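These notes are about the structure you will find just below.
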Amino acid sequence: MGKRGKGEEQITVEIYKEKHRSQVREVVLGAAGGGGGTRSHTIKVGGETTLPFLHFEGEIPNRPVIAMEVWDMVPADWPDNLKAFFSDVYSDPAAWAKKCVDLYGADLVALRFKSADPEIRDASAKDCTAALKKVLAAVGVPLIVYGCGKGDKDNEIMGALAEAAEGENLLLGVAEPDNYKSLAAAAMAYRHSIIAQSPIDINIAKQLNILISEMSSSLFERIVIDPTVAALGYGLEYSYSIMERIRFGALSGDRILAMPMIGNVGNEVWSKKEATGSADEYPGWGEQPERSLAWEAVTATALLQAGMDILVMRHPHAAALVKQSIDELMRDHNP
Amino acid sequence: MFIIGERINGMFHDIARAIRRKDPGPVQEWARRQEAMGAAYLDLNVGPAVADRVPAMRWLVAVTQDASKLPLCLDSTDYDAIEAGLEICTKPAMINSVPVVQEKMDRIFAMAASYSAEIIGLTMNETGVPRDVESRIALAVELVMHCDAHAIPIDKLYIDPLVLPVNISQDQGPAVLETLRQIKLLSDPPPKTTLGLSNISQGTKSRELINRVFVVMAMACGLDAAIGDACDEELAKAVAPARILLNKDIYCDSYVKIFSNQGR
């Protein structure tokens, strides 16, 4: 476009706007006093009537949020540059959670009960509920609660955790196609929300939501989809395109896919050599501390553009960078 | 592709009797049943035997709306009856139907504009239904132009290329399919299309089989809606995979059930 001279006509360009006929369901995380819980506030996610950040085209009533990951044990395999931020609080998940919220500005805490893994510590449901109660008392933000990732053990502990936090509207994870009934039953009985996880497969994502809806139509309104994300360099583009299709489906009227989405970004990134490998091992890749946090931040911001509503992250500085990016993308549109 | 449930029609004895006796029972029963089976609209036709169609249509709209949340498709050649129905419709309705006859189009398009209604336009005029694709398309163009002239969004126009019974006019099947294809080229966005599906199988054996094979063929040519038997489970079972194969719905293992539940 050249400079416009005096007397030249101005050309009006009409921006093409896509008219979507539907919207993503809004899901509330956490419950405050009035809602039967003890959170200081609740958080709404979803509700979009357009693709990510196209403010000119539709409504994005709720900003994407960042959950920081807290474990109930010392994460042995985290690299030093990540561990360093939490070394003073590792023995105490409540203090760890509080540090994430108070110092690093986490919107939510994602509490992972790694110690319940039978091959690690095989912690009992009783130990886990005690830790959960401490975390609930230490922070006011809504919580995401993950098991250890071993189906049978998770079925044992998740019911107890759900019961111990009755009415708190935790976001419980994860329901999978071959193991969703006990988690869904716990979420129904004790009034929590649920993460439905599918292996980078939109057909399974849809089917799992149908299976959950057949158990309870009200729990169907409290599903958050985990489409399974991959780190940059490990199939991020597959996750991206599945998320895009889920969101297109939601906006074009497929109510079975009209849920907010969550991604376990930290968990994916921090197991990859690009995040953990030293500069000695990989000369030419740059220093590991900067590289790793950039890897997590870049993965997360790419997923934001695909419609991610909740990012579960680990490195406080990566989280801060992503938060800054969200601020800019939501500028003048902050709810 | 969605189904406009055809069952609330005075051609059926139970509905004719219900209208005569002002008994909402059978009407509401069929409204609920068709909705449960996945109909997206309910067609309402007071039938030929009614003396005064205006109050009959108004009654039919009122009792149907009491039983179902679906939008209605008001089906009559008596435009006073359609207008009486539109006045009390709680949701934007569909007008069924208008041929390419000037004074009829003038009235119906104006009515549609003032009630935000959708319109089914027929590719026929005073001289009847044309037999070839070109003449049908020429009439479709007139419908599109009228829509434009009344500033009605083009996707509120459903053009019906008019199917004839296959045992009488076998050559009309391919002509209708080709017309459906070409209607989609008339404008951008294109008009919608619809068919009176059950006509194709009038007087044939195994009517339902012919209906469901034809609807799937028509969907591949761009069919958006069909007035038909919403309670024909086999029809839903054919439409559901056709929607998947045409990439209208995202596949999941329960695709038949999903279609039956949401009726699109």
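The values are calculated or read from the model by the stated rules, or taken from the named source; none is laboratory data. Since the model is a prediction, treat every value here as computed from it, not as a measurement. Note: ideal-geometry Cβ built from the backbone for every residue, glycine included; neighbour counts use all protein chains shown. The accessibility values were calculated without ligands, DNA or RNA, using every heavy atom of the protein model including side chains. Shrake-Rupley method; radii C 1.70, N 1.55, O 1.52, S 1.80 Å.
Listing for the model above:
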| quantity | calculated |
| --- | --- |
| Matching residues, segment A:55-78, being crowded, with 16+ Cβ neighbours inside 10 Å and in a loop (DSSP other than H, G, I, E, B) | A:GLU57, A:GLY58, A:ILE60, A:PRO61, A:ASN62, A:ARG63, A:PRO64, A:ASP72, A:MET73, A:PRO75, A:TRP78 |
| Any hit, segment A:115-130, residues being closer than 27 Å to A:LYS323 by Cβ and either within 21 Å of the chain's Cα centre (by Cα) or surrounded by 23 or more Cβ atoms within 10 Å (Cβ to Cβ) (or both) | no |
| Answer residue from segment A:216-244, given it is crowded, with 16+ Cβ neighbours inside 10 Å and assigned to a helix (DSSP H, G or I) and is farthest from the other protein chains (Cβ to nearest Cβ) among those | A:LEU236 |
| Test result for A:GLY266, over 21 Å from A:ALA187 (Cβ atoms) and away from chain B (no Cβ under 12 Å) | yes |
| Segments classed as helices (runs of 4 or more DSSP H), wholly inside segment B:152-264, with at least 2 members that are within 19 Å of B:TYR41 (Cβ to Cβ), open to solvent by 10 Å² or more (accessible area, probe 1.4 Å) and within 14 Å of another protein chain (Cβ to nearest Cβ) | B:255-262 |
| Residue list for segment B:29-44, filter: crowded, with 18+ Cβ neighbours inside 10 Å and on the phi < 0 side of the Ramachandran plot | B:TRP30, B:ALA31, B:GLN34, B:GLU35, B:MET37, B:ALA39, B:ALA40, B:TYR41, B:LEU42, B:ASP43, B:LEU44 |
| Test set (1) under 18 Å from the mean Cα position of the chain (by Cα); (2) part of a helix (DSSP H, G or I) - B:HIS146 fails condition number | (1) |
| Any hit, segment B:12-34, residues being touching a residue at least 24 places away in the same chain (Cβ under 8 Å), within 26 Å of B:LYS192 (Cα to Cα) and assigned to a strand (DSSP E or B) | no |
| Check on B:VAL100, modelled with pLDDT of 95 or more and surrounded by fewer than 23 Cβ atoms within 10 Å (Cβ to Cβ) | yes |
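Okay, residues lined up against (1) away from chain B (no Cβ under 14 Å); (2) without any contact (Cβ under 8 Å) to a residue 60 or more places away in the chain:
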| residue | (1), (2) |
| --- | --- |
| A:GLU163 | yes, yes |
| A:LEU171 | yes, no |
| A:LYS181 | yes, yes |
| A:TYR190 | yes, yes |
| A:ILE200 | yes, yes |
| A:LEU208 | no, yes |
